[in-house]
Structures are given as structure tokens and as C-alpha cells.
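Values quoted throughout were computed directly from the atomic coordinates according to the rules given, and no laboratory measurement underlies them. From a predicted model like this one, the values you see are computed outputs, not experimental measurements. Glycine gets a Cβ as well: all are built from the backbone with ideal geometry, and neighbour counts include every protein chain shown.
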Amino acid sequence: MRAYGPEPPRWITTLLSFDKNCQYWVNFCERIENEFGDDSVEYQIASQTLFCVPKFHISNHIEDCQFQFHPGHVTGAGRVTGEEVEPPWAELGQAGAQSRDSNPGHRQEIIEDAISDWNFKKLVGMGEHNVNAAH
Ligand SMILES: [Zn+2]
């Protein structure tokens, strides 16, 4: 039995983390059903989705939200912070300036290169971080 928050779906396929998920989740499945129908893949995925509010944002919500949507309280969320999208924003802003006048294909390549570069640096930095953390 779950103590807080919306009842988790039986089969969880997706965890959506967003600053306003405490409001967004309320009619999410109904909106997807109205748009795509209840026999659609979209509705199937929506009905198997959990919602949380990122850890660094949840403290600005009311207490009920903190109980219901803190990633640490959402069954199946594991130990995610829910903030994974935000750290590279400053660096990706540079890609935005580079891609502003590009056609859609070139823009996608620039953004994918920037994200790949971010992921590579993060991966390489993990080893150094772990070595330093061990000392
Ligand atoms: Zn809230």
C-alpha cells in the first residue's frame, strides 16, 4: 500500500520529471486519451507514466506536493534527482547560437554534437570525480 501520491500504474515505462508536474499530471491521461484515443500507443504509455518534481525544485512547493512528487517518495523512481536535463543548458545555449540560422537537419546535427560532447565530458569526468571522492 502506498502512503502518498497518486497511485502508481502497475507497469511503469516512463518517469516524467518537471517543475510543474504536480499540476500537469492531473488530467494528463485524459488529455492523451482525447487526443489519441484509449487504444493508442500514446495512451498506453501515458497510463504507465509516473510523475515527479525535481529534487531541487520540490522544496518550493507546498507540503502536499513534497510528499506526493518528491522523487524519493515516488514508487519506482529510484534515486534520480529529476534534474538531468538542466545541467547542460548553459553549454547547449552556445549550440543554440550556432544553430540559429541553420536548416533543420544541420540544427539537429549541431545539437546532437553538443549533447554528445556534454555526455562524453561527463563520462570522462566521472572517473576523476570517483578517484577524488575516494581520497
Ligand atoms: Zn506543487
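Data for the structure
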| quantity | calculated |
| --- | --- |
| Where a residue in region 73-91 is at positive phi and among the polar types (S, T, N, Q) and its partner, wherever it lies, is outside any loop (DSSP other than H, G, I, E, B) and exposed (fewer than 15 other Cβ atoms within 10 Å of the Cβ), with Cβ under 8 Å and at least six apart | none |
| Only listed residue being more than 16 Å from the ligand (Cβ to nearest atom) and closer than 26 Å to residue 14 by Cβ, chosen from 109, 128, 84 | 84 |
| Every pair of residues 6+ apart whose Cβ atoms lie under 7 Å, when the first sits in region 20-38 and is within 16 Å of the ligand (Cβ to nearest atom) while the second is assigned to a helix (DSSP H, G or I) | 21/69; 22/65; 22/68; 22/69; 28/46 |
| The one condition in (1) in a loop (DSSP other than H, G, I, E, B); (2) over 14 Å from the mean Cα position of the chain (by Cα) that residue 108 fails to fulfil | (1) |
| Matching residues, region 97-116, being in contact (Cβ under 8 Å) with a residue 12 or more places away in the chain and either loosely packed, with under 10 Cβ neighbours inside 10 Å or of a type outside the set (Ser, Thr, Tyr) (or both) | 98, 110, 111, 113, 114, 115 |
| Residue match in region 57-71 (condition: over 14 Å from residue 22 (Cβ atoms) and either touching a residue at least 12 places away in the same chain (Cβ under 8 Å) or aliphatic (A, V, I, L, M) (or both)) | no |
